[in-house]
Amino acid sequence: MIRKGYRVLPPSFMRSLVERAIRIKTEFKQVIETHPTSSLKKLKINWKNFSNIKDEVDAIICALTAYSYDLGVAEEISAIDGKIYLLPENISITKDKANNLYFFKFKK
């Protein structure tokens, strides 16, 4: 991730988050790791254009990444300690502010 220009913190820095992820992983058939801030940076999207609440945008980006993973189009970044999935470059995300709805489509 760092070689690609994304800022990430080492798992040891976020111990409680890592421990929670390990617990969650035991409860589900499949769990993927994503980094919504890196997906936004990759797509040159400013989260403030969508919401005043960063966690809301992060949740949407994570859900879209999981959907992209299921479709087989998410970008996979592998390292010895695991894999992280990001949104593909060919996705476009817009928000209808009047109705508070998000729309996405995959470009050809």
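The values are calculated or read from the model by the stated rules, or taken from the named source; none is laboratory data. These figures come from a predicted structure and were not determined experimentally. For neighbour counting, all protein chains shown are included, and Cβ atoms are generated from backbone atoms with ideal geometry for every residue, glycine included. Areas reflect the complete protein model, heavy atoms only, side chains present, ligands, DNA and RNA absent. Shrake-Rupley method; radii C 1.70, N 1.55, O 1.52, S 1.80 Å.
Just Lys29, Lys97, Lys42 to compare: in a GNM of the chain, with alpha carbon springs under 10 Å, which one fluctuates most? Top of the fluctuation ranking is Lys29. For the chain, modelled as a Gaussian network with Cα springs under 10 Å, which listed residue fluctuates most, Ile91, Ile77, Ile53? Top of the fluctuation ranking is Ile53. Does anyone have the angle between helix 54-71 and the longest principal axis of the chain? Alpha-carbon axes, 0 to 90°, nearest 10? Taking Cα atoms only, the helix is inclined about 80 degrees. Taking the Cα centre of segment 12-53 as origin and assigning +1 to Lys and Arg Cβ atoms and -1 to Asp and Glu Cβ atoms, the resulting dipole is close to 140 debye.
Shape of segment 54-108 from its Cα gyration tensor (a ≥ b ≥ c, root eigenvalues): rounded if a/c is under 1.5, otherwise prolate when a/b > b/c, or oblate? Verdict is oblate for segment 54-108. What is the percent carbon and sulfur in the accessible area of segment 9-108, measuring with a 1.4 Å probe over the protein chains and ignoring ligands? After summing per-atom areas, the C and S share lands at 56 percent. Net charge dipole, the chain: roughly 360 debye, given to the nearest 20, about the Cα centre with Cβ charges of +1 for Lys and Arg and -1 for Asp and Glu. Who wins for biggest fluctuation among Glu76, Glu27, Glu89 in a Gaussian network model of the chain, springs between alpha carbons below 10 Å? Sorting by GNM fluctuation, first place goes to Glu27. Legend: residue pairs Lys29/Lys95; Lys42/Lys95; Lys4/Lys25, Cα-Cα distance threshold 23 Å; pairs beyond threshold, Lys29/Lys95; Lys4/Lys25.
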